[in-house]
Amino acid sequence: MNNFQYKRVSSPAAAIAELSKDPAAKLVAGGTNLIDLMKYGVMAPDKLVDVNHLSFDAIKKEERSLYIGATVRNAVAAGNADVLKYQPLLSQAMLAGASAQLRNKATMGGNLLQRTRCGYFYDISAPCNKRVPGSGCAALEGYNRMHAIFGASSSCIAVNPSDMNVALTALDATILVSGPKGDRKIPVSEFHRLPGTHPELDTTLDRKEIITGLVIPDNNFAAHTTYLKVRDRISYAFALISVAVAIDLDGTAIRDIRLAMGGVAHKPWRLTEAEQLLKGKQATVENFKMAAELAMKGAKAYEHNAFKLKLAPNTMIQALKTASGVKA
Ligand code: SF4
């Protein structure tokens, strides 16, 4: 690991100033991803700006939304009474992520910025456009079992590894950021990027901006939510496929629905066409199967991940059955 400076800041303005004057500075909070990346030599910031002491550690129920600060730990958010009452899907997704120890350290802001777990990204001897732009993509012809089936490019086929981000996408969260030009709000659907020709950019966050928190608008989904994650082992494993479902049911009729998939793309994959198909329909296995078929439109597999083309719709159907209570 390279030598680096460590600086603790006590105001958002000081954090932004550090990022503005030093292009090689990085923010650190829980450090559960960044420190690993530094140990592997994937990232080598010359300065770590510690934001743990900024006052972004609150969870507040507001008039029509739920606010969660950027430095709230994942375990705290997952167990918070308001999160469980108003946005249980978020809690379910976060509890499916990582391990208890990691959730105790990892923050909301850090989870949003979590980098891909593509093995070639971590292997500094392999070509990787995300790590070294223009060097190539070892996964294209390599072992791509964990990789994307939607939205990939010839530059990168990596997936976003976060469970939390999938739930936030289904719930239409907004990310609150602050930078040299002031504050702005980014819909989570516009926060994470597809790789295109610039896979080195995971998000639309400017290098000088910091995440201060996120807001989830109120909804009527709390009684019918499911986060179903299929992975190689029951804990401390990334999703092969995950599906976030939130349904507003009127008897057996679907009044409103949100669907998002994880483990399939460079960003959490919202399934809007499948949502439209199901809205106003009965919650039946037949309708769920039709929606799952539609959701898979445009999917493309690589040599080692063709199983995802079956696993994804099957996971989606099962998640819909669980969330709606439909048995057959
Ligand atoms: Fe790098 Fe993306 Fe290719 Fe993985 S899939 S090797 S992260 S460019």
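The values are calculated or read from the model by the stated rules, or taken from the named source; none is laboratory data. Not measured: the values here are computed from a predicted model. Counting neighbours? That spans all protein chains shown, and the Cβs are built from the backbone with ideal geometry, glycine included. Side chains included, ligands, DNA and RNA excluded: accessible areas come from the protein's heavy atoms. Shrake-Rupley method; radii C 1.70, N 1.55, O 1.52, S 1.80 Å.
Near residue 75, once Lys and Arg are set to +1 and Asp and Glu to -1 for all other residues with Cβ below 9 Å from its Cβ, the sum equals +3. Computed from backbone phi, the HN-Hα couplings of the stretch 278-284 come to 7, 4, x, 8, 6, 7, 10 Hz, rounded to whole numbers (Karplus: 6.51 cos²θ - 1.76 cosθ + 1.60, θ = phi - 60°; Gly and Pro given as x). For the pair residue 85 and residue 184, a Förster radius of 25 Å applied to the C-beta separation gives a FRET efficiency near 0.30, rounded to the nearest 0.05. Here the dipole of the stretch 120-270 is about 260 debye; that uses its Cα centre as origin and unit charges on the Cβ of Lys and Arg (positive) and Asp and Glu (negative). Using a simple spin-label model with pseudo-atoms 7 Å out from Cα toward Cβ, residue 46 and residue 273 lie 4.8 nm apart. When a 1.4 Å probe is rolled over the protein heavy atoms, the share of accessible surface on the stretch 225-324 that falls to carbon and sulfur comes to 52 percent. Using R0 = 45 Å, the C-beta based FRET efficiency linking residue 14 and residue 145 works out to 0.55. For trypsin sites (Lys or Arg not before Pro), the sites in the stretch 174-265 that DSSP calls loop and that have at most 12 other Cβ atoms within 10 Å are 181, 207, 233. The charge dipole of the chain, taken about its Cα centre with unit charges on the Cβ atoms of Lys, Arg (+1), Asp and Glu (-1) only, comes to about 360 debye.
When you restrict to C-alpha pairs under 8 Å that are six or more residues apart and normalise by the size of the stretch 225-324, the relative contact order lands at 27 percent.
Can you work out the accessible area per residue across the stretch 225-324, with the rest of the protein chains kept in place, probe 1.4 Å, in square angstrom? Don't skip to the end; give the middle numbers.
Details: 4390 Å² over 100 residues.
Per residue, the stretch 225-324 has 44 Å² of solvent-accessible surface.
GluC sites (Glu not before Pro), restricted to the stretch 114-200: which are DSSP loop and have at most 10 other Cβ atoms within 10 Å? Can you show the working numbers first?
Numbers: sites: 141, 190, 200; in loops: 141, 200.
Taking the stretch 114-200 and a limit of 10 other Cβ atoms within 10 Å, the loop GluC sites (Glu not before Pro) found are 141.
Annotation: for a label point projected 7 angstrom from Cα along Cα→Cβ of residue 281, residues of the stretch 293-326 with backbone N closer than 13 Å are 293-296, 317, 320-321. Residues whose amide H comes within less than 5 Å of that of residue 173, counting only those at least five positions distant or on another chain, are 188 (H built at 1.01 Å from N in the peptide plane). Ligands, DNA and RNA are left out, and with a 1.4 angstrom probe the accessible area of the stretch 108-207 is 40 Å² per residue.
Spatially, the stretch 253-289 and the stretch 143-206 are offset by 20 Å when compared through their Cα centroids. Fully extending the segment from residue 322 to residue 99, taken as 0.36 nm per residue of separation minus the present Cα-Cα distance, adds 77.9 nm.
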